[in-house]
Amino acid sequence: MSGEIINKLENVTINDKADKGDVDDDFVDPWTVVSKSETGIDYDKLIKKFGSSKIDQELLDRFEKVTGKKVHHFLRRGIVFSHRDMHSILNQVEAGKPFYLYTGRGPSSHSMHIGHLVPFILCKWLQDVFNVPLVIQMTDDEKFMWKDLKMEEAQKMTMENVKDIIAIGFDVEKTFIFSDLTYIGQCPEFYQNMVKIQKCVTFNQVKGIFGFDDSSVIGKVAFPSVQATPALSTSFPHIFKGKKVPCLIPCAIDQDPYFRMTRDVTPRLGFKKPALLHSTFFPALQGAQTKMSASDSNTTIYLNDTPKQLKNKVNKHAFSGGQSTVEEHRRVGGNCDVDIAYQYLTFFLEDDDRLEQIRKDYTSGALLTGELKKILIDTLTPIVTRHQERRAKITDEVLKQFMTPRKLAFDV
Ligand code: TRP
């Protein structure tokens with residue numbers, strides 16, 4: 001592990017006195033994800049610490065029963081591993097009643113990376129199997145507040161990222177994408193909900209949840225209310241016409257603090273608590289101690305990387321669970337639990353049987369690290385290339401369609 005990560009982890013742990021949870025090995029909040037373990041975050045511990053529920057076989061079976069479809073491999077493989085109130089969403093579906101999906105993205109770089117695809121691929125699958133509206137919040141205000149960015153830059157990144165999101169294949173009839181810096185000023189209902197939420201949360205509470213202190217700018221202190229507001233359906237009058245519709249939020253687990261706060265507030269405003277589906281982090285190329293970050297080009301495979309860049313990054317930087325010589329590897333075998341090429345295949349190789357064969361062969365030593373990396377390169381390259389082809393076709397007109405407040409193809 002790099003010295004920098006260890007320092008960061010220790011600083012954070014020491015500063016985290018307010019948190020009585022077990023932070024011996026891992027630290028997770030919306031801004032920092034670090035683990036001291038090569039296998040990455042201990043997700044079972046995190047479930048306990050955050051107080052969410054593990055996605056068990058019973059829930060997966062229910063998913064299949066209600067939708068009549070095999071669950072997505074993210075759910076089958078534990079990449080989406082934790083939830084809050086998912087059963088109540090399935091009850092809603094069984095009763096023939098509507099719900100909607102809400103997710104978001106903080107635009108922090110001009111191109112998204114392959115890890116950013118995960119919650120959006122999940123949302124697309126959920127939108128397809130449940131046939132529900134999806135709202136996507138682009139928190140350009142958040143990035144303006146937290147990063148050394150001009151407002152225009154944050155807005156430009158939003159537009160670039162929205163193109164990446166649309167290229168994942170969302171249906172324009174069912175999806176509304178909005179920038180905070182633009183939409184909130186256009187929609188009084190959104191702002192009114194935000195103010196109602198602000199009235200329910202004290203400084204002391206956000207200090208406890210997010211670690212703000214006396215030197216935090218007040219824009220940061222207020223921001224959690226911005227991220228909470230889309231969980232109230234009345235924030236989108238053009239879609240829900242003032243009706244209260246239950247909300248399901250797919251997100252990476254680091255966003256959970258925002259929604260713990262949201263779930264605390266919504267009943268007091270007469271709304272159901274939003275349900276949540278939590279995904280694991282997408283590990284950095286250098287190893288699972290931290291997640292892939294858009295601001296570090298060596299640890300990251302961007303959606304606009306060329307096939308050559310992708311190949312070089314995997315070959316040069318992907319942390320290997322293999323042995324140092326071929327002889328030793330054949331004898332001892334590789335460790336899939338820490339091997340990044342294998343980990344990435346669990347996200348992007350859909351064929352369960354083939355994945356299992358690769359796991360066995362790498363573990364036994366029959367498959368070498370170079371061969372495993374080649375399988376990953378051959379899996380990722382067409383995904384990234386096809387993404388780029390779809391993205392190139394997205395005109396300003398298409399962008400505008402997705403981002404215009406309008407009625408979607410649902411009658412509520
Ligand atoms: N804060 C998130 C980020 O930095 C963006 C976000 C806003 C989000 N609303 C969300 C993520 C809802 C998941 C679900 O990326």
Going through the stretch 36-50 one residue at a time, which ones are open to solvent by less than 80 Å² (accessible area, probe 1.4 Å), over 17 Å from the mean Cα position of the chain (by Cα) and free of Cβ contacts under 8 Å to residues at least 60 places away in the same chain?
-> ASP42, LYS45, LYS49
Neighbours by Cβ (under 7 Å, 6+ apart or cross-chain): first from the stretch 84-102, open to solvent by 10 Å² or more (accessible area, probe 1.4 Å) and within 16 Å of the ligand (Cβ to nearest atom); second modelled with pLDDT of 95 or more and assigned to a strand (DSSP E or B) | ARG84/SER53; ARG84/ALA275; ARG84/LEU276; ASP85/ALA275
Residue satisfying condition, being within 16 Å of the ligand (Cβ to nearest atom) and either without any contact (Cβ under 8 Å) to a residue 40 or more places away in the chain or under 25 Å from ASP353 (Cα atoms) (or both), within set ILE79, ILE136, ILE55 = ILE79
Which ranges mark the helices (runs of 4 or more DSSP H) fully within the stretch 49-114 that have 3 or more residues being closer than 22 Å to MET261 by Cβ?
-> 86-94
Exactly one condition in (1) within 16 Å of the ligand (Cβ to nearest atom); (2) in a loop (DSSP other than H, G, I, E, B) is not met by GLN127; state its number.
-> (2)
Residue by residue through the stretch 293-302, note down the ones that are open to solvent by 20 Å² or more (accessible area, probe 1.4 Å), modelled with pLDDT of 95 or more and part of a loop (DSSP other than H, G, I, E, B).
-> none
(1) at pLDDT below 95; (2) open to solvent by 10 Å² or more (accessible area, probe 1.4 Å): which one isn't true of ARG260, the others all being true?
-> (1)
Among residues of the stretch 310-332, those that are under 26 Å from the mean Cα position of the chain (by Cα), open to solvent by 30 Å² or more (accessible area, probe 1.4 Å) and closer than 20 Å to GLN357 by Cβ, counted = 1
Residue by residue through the stretch 214-230, note down the ones that are hydrophobic (A, V, I, L, M, F, W, C) and either within 20 Å of MET403 (Cα to Cα) or open to solvent by less than 80 Å² (accessible area, probe 1.4 Å) (or both).
-> VAL217, VAL221, ALA222, PHE223, VAL226, ALA228
For residues in the stretch 192-213 being open to solvent by 60 Å² or more (accessible area, probe 1.4 Å) and not in a helix (DSSP H, G or I), which is farthest from TYR102 (Cα to Cα)?
-> ASP213
Here are some residues: THR363, THR381. Which one is in contact with a Pro (Cβ under 7 Å, 6 or more places away or on another chain) and surrounded by fewer than 19 Cβ atoms within 10 Å (Cβ to Cβ)?
-> THR381
Would you point out the residue of the stretch 59-74, among those that are free of Cβ contacts under 8 Å to residues at least 24 places away in the same chain and open to solvent by less than 20 Å² (accessible area, probe 1.4 Å), that is farthest from ILE177 (Cα to Cα)?
-> LEU60
Go through GLU160, GLU153, GLU189 for me and flag whichever is part of a helix (DSSP H, G or I), open to solvent by 10 Å² or more (accessible area, probe 1.4 Å), modelled with pLDDT of 95 or more and touching a His at 6+ places or on another chain (Cβ under 6 Å).
-> GLU160
Condition broken by ASN335, with the remaining ones in (1) under 18 Å from PRO283 (Cα atoms); (2) without any contact (Cβ under 8 Å) to a residue 40 or more places away in the chain; (3) surrounded by 18 or more Cβ atoms within 10 Å (Cβ to Cβ) satisfied = (3)
Which one is most open to solvent (accessible area, probe 1.4 Å) among residues in the stretch 163-179 that are away from the ligand (no atom under 16 Å from the Cβ) and aliphatic (A, V, I, L, M)?
-> VAL172
Per the list (1) away from the ligand (no atom under 13 Å from the Cβ); (2) outside any loop (DSSP other than H, G, I, E, B), residue check on SER216 breaks on (2)
Total residues in the stretch 103-131, condition touching a residue at least 60 places away in the same chain (Cβ under 8 Å) and within 17 Å of the chain's Cα centre (by Cα) = 17
Scan the stretch 208-228 and give yes if some residue there is without any contact (Cβ under 8 Å) to a residue 24 or more places away in the chain and either closer than 21 Å to MET138 by Cβ or touching a Phe, Trp or Tyr at 6+ places or on another chain (Cβ under 7 Å) (or both), otherwise no.
-> yes
Just checking, which of ASP85, ASP29, ASP42 is at pLDDT 95 or above and either under 19 Å from ALA252 (Cα atoms) or among the hydroxyl-bearing types (Ser, Thr, Tyr) (or both)?
-> ASP85
Return yes or no: is THR290 more than 26 Å from ASP42 (Cβ to Cβ), open to solvent by 10 Å² or more (accessible area, probe 1.4 Å), in contact (Cβ under 8 Å) with a residue 40 or more places away in the chain and not in a loop (DSSP other than H, G, I, E, B)?
-> no
Cross-chain or 6+ apart pairs with Cβ under 7 Å, the stretch 247-272 first and assigned to a strand (DSSP E or B), then more than 9 Å from the ligand (Cβ to nearest atom) and open to solvent by 10 Å² or more (accessible area, probe 1.4 Å) | ALA252/PHE281
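The values are calculated or read from the model by the stated rules, or taken from the named source; none is laboratory data. Given the structure is predicted, the values throughout are model-derived calculations rather than measurements. Here the Cβ is made from the backbone with ideal geometry for all residues, glycine too, and neighbour counts use every protein chain on show. Keep in mind that these areas ignore ligands, DNA and RNA; they rest on the heavy atoms of the full protein, side chains included. Shrake-Rupley method; radii C 1.70, N 1.55, O 1.52, S 1.80 Å.
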